[in-house]
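Have a look at the structure below, then the notes.
Please treat every number below as a calculation from the coordinates, not as lab data. The shown structure was predicted, so the numbers you read here are calculated from the model rather than taken from an experiment. Note that each Cβ is placed from the backbone with ideal geometry, even for glycine, and that neighbours are counted across all protein chains shown.
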Amino acid sequence: MPRTPALKTLGFILAWVLGTVGSLSFLWEPGKTALDLDELYWLGSSYYGQLAFVRRDWSTPHWDLQPARENPPVAKYVLGLGLGLAGHPVTSIDPLSYFYAYWANKPGNWGSGPYIAKRAQTVAAATPGFHESFRESGRIPLTNGMIQAGRRTVLAYMVLASLLALGLGTLVAGRLAGLFASQLLLLHPVLVFVCNHAMADAVALMFSLAAALAGFLWFRRFLQEERPDWRTGLTLTLATGLLLALACGAKMNSLVLVGLMGLLVAASLTDSWRRDGRPDWRTGAWGLGILVFGLAVFAAINPTILRDPWNGLAATVLEHRSIEFTQAEFIGGHLTTLRAKLATVVELAFLGWVPFCATVTVAAWGAMRRGRDAGFRFLLGWWLVAFVCVTAWIPFSWGRYVMPLLPPTFLLLGYAVNMAIQSLRGPVRNS
């Protein structure tokens, strides 16, 4: 008896569940994974979730300190929620203060001039006697319960990210593409590291995939000859802007998605020009609406920006640049040439030149065969924007820096798998 579409869908969902449980049962080892110092920073930063939503204190001077200015707050809020629900909240600035004090013991780690003063302010904000107490004990100001609660929160967001990859891949390229990408998302070494450490990356990954899904729905609808009514246009625009704000609010490397949306708006305008002899400026207006609404949400959820709009917004970019140059002085390995950056991206994201060349071949093959397909155009645009941005920017050979490139790579490879199966067995995409 032939299988119904509903039965096939259920089968793919079951395959995703089994694959996800199987992968995580081997790769998620929170109890065996050593604490990374960056976990101390991010778990300490969950204090800002307590400030914002438990105490509802958006006016304390702690919002002016270096850790509030250098990274936007969404991942801090998420980790704060996870630790709070588990009964292990971080309720003071002390762990963050400890993190900055730790680096003060190493010459040059605080940078110079005004950067020293910024870090010293965070150290001085600790509870009186805190630093002396922990220096004498040799302990860190985090309990094992806090660490494990943070890692469980990250696991939940990794599972959600995998589920979104399944949904986005299915929508763009077919069920097999979605299933393929969703499992690669759990198996890649960079993301195995992310899954086992309580940091911002999994939160940014989940919201980036959600924003990409909304962006594709926007793009596909505005490509159609009949333009959407204002309710549909408004819904798609607001949803995309909101999710972009949350993605960038989790980690600023999600700006790759903002670049992608700019490319998609330009592609939509170009299509209307070819079809009608003139661009449809209403599409451009909706695209501008995504940017304006997203920026408004990005600012509204960040008390640091609300307190000092211009400097607070600039700090989310400029502080990272200052940190990069400070780290270059005492860590070494600063990537300053395009050749070194490209080699690093190939090694970390693609695990070598052979997989990289295979991915480029897939992109070229798809462009020749499916160049007008909305799903492929979306994936190719996402991959190109991410590849160019990550390669141009990556400052050090650290795996998490290539994370924005991984989802479009996996989805593009999944698209190729689906295309190959179609060539061998006939169309399976909409079965």
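Tell me which lysines have Cα within less than 26 Å of Lys32's Cα, excluding those fewer than 8 residues away on the same chain?
Hits, sequence-local ones excluded: Lys76.
Quick one: Cα centre-to-centre distance for segment 365-398 and segment 200-229, in angstrom?
The distance from the Cα centre of segment 365-398 to that of segment 200-229 comes to 16 Å.
Quick one: if the Förster radius is 25 Å, what FRET efficiency do Ile421 and Gln224 give, using the C-beta to C-beta distance and rounding to 0.05?
On the way: r = 28 Å, r/R0 = 1.10.
The pair Ile421/Gln224 has a calculated efficiency of 0.35.
Specify the inter-centroid distance of segment 65-79 and segment 13-43, based on alpha-carbon positions, in whole Å.
So the two Cα centres are separated by 23 Å.
To test your reading of the geometry: what angle, between 0 and 90 degrees and rounded to tens, separates the Cα axis of helix 74-85 from the longest principal axis of the chain?
70 degrees
To test your reading of the geometry: what angle, between 0 and 90 degrees and rounded to tens, separates the Cα axis of helix 144-173 from the longest principal axis of the chain?
It works out to around 20 degrees.
Among Ala267, Ala198, Ala386, determine the one that fluctuates most according to a GNM of the chain built with springs between C-alpha atoms less than 10 Å apart.
Comparing Ala267, Ala198, Ala386 in a Gaussian network model of the chain, the most mobile one is Ala267.
For segment 271-336, I need the span (max minus min coordinate) of the C-alpha atoms along each principal axis, in Å, sorted largest to smallest.
The Cα atoms of segment 271-336 stretch 58, 34, 14 Å along their principal axes.
Report the calculated FRET efficiency for Thr33 and Arg275 (r = Cβ-Cβ distance, R0 = 45 Å), to the nearest 0.05.
Efficiency for this residue pair is about 0.25.
What FRET efficiency comes out for the pair Ser133/Asp64, r = Cβ-Cβ distance, R0 = 25 Å, nearest 0.05?
0.45
What net charge do the residues around Ala250 carry, taking every other residue with its C-beta under 11 Å from that of Ala250, with Lys and Arg at +1 and Asp and Glu at -1?
Summing Lys/Arg as +1 and Asp/Glu as -1 gives +1.
Which ³J(HN,Hα) values, rounded to whole Hz and listed in residue order, are derived for segment 394-399 from phi using the Karplus coefficients 6.51, -1.76 and 1.60 in 6.51 cos²θ - 1.76 cosθ + 1.60 with θ = phi - 60°, glycine and proline given as x?
With coefficients 6.51, -1.76 and 1.60, one gets 3, x, 9, 7, 10, x Hz.
Sum -39500 (n - 2.57) across every DSSP H segment of at least 4 residues in the chain, then divide by the residue count to get the 222 nm mean residue ellipticity, nearest 500.
Value at 222 nm, helices only: -24000 deg cm²/dmol.
Using the basic label-point model (7 angstrom from Cα toward the beta carbon), what is the Leu18 to His334 distance in nanometres?
5.2 nm
Which of Lys251, Lys32, Lys76 ends up with the largest GNM mean-square fluctuation for the chain, with Cα atoms connected below 10 Å?
The residue with the greatest mean-square fluctuation here is Lys32.
Label Trp103 and Phe26 with points 7 Å out from Cα along Cα→Cβ: what is the distance between them in nm?
Label-label distance for Trp103 and Phe26, simple model: 3.7 nm.
Using alpha carbons only, how many degrees (0 to 90, rounded to 10) separate the axis of helix 230-250 from the longest principal axis of the chain?
Rounded to the nearest ten degrees, it is 40.
Residues of segment 160-189 with amide nitrogen under 19 Å from the 7 Å Cα-to-Cβ point of Ala358?
Under 19 Å, as judged by backbone N against the label point of Ala358, lie 176-189 of segment 160-189.
Scan the chain and report its longest stretch carrying no GluC sites (Glu not before Pro) that are both in a DSSP loop and have at most 14 other Cβ atoms within 10 Å.
Counting only loop sites that pass the neighbour cut-off, the longest clear stretch is 1-224.
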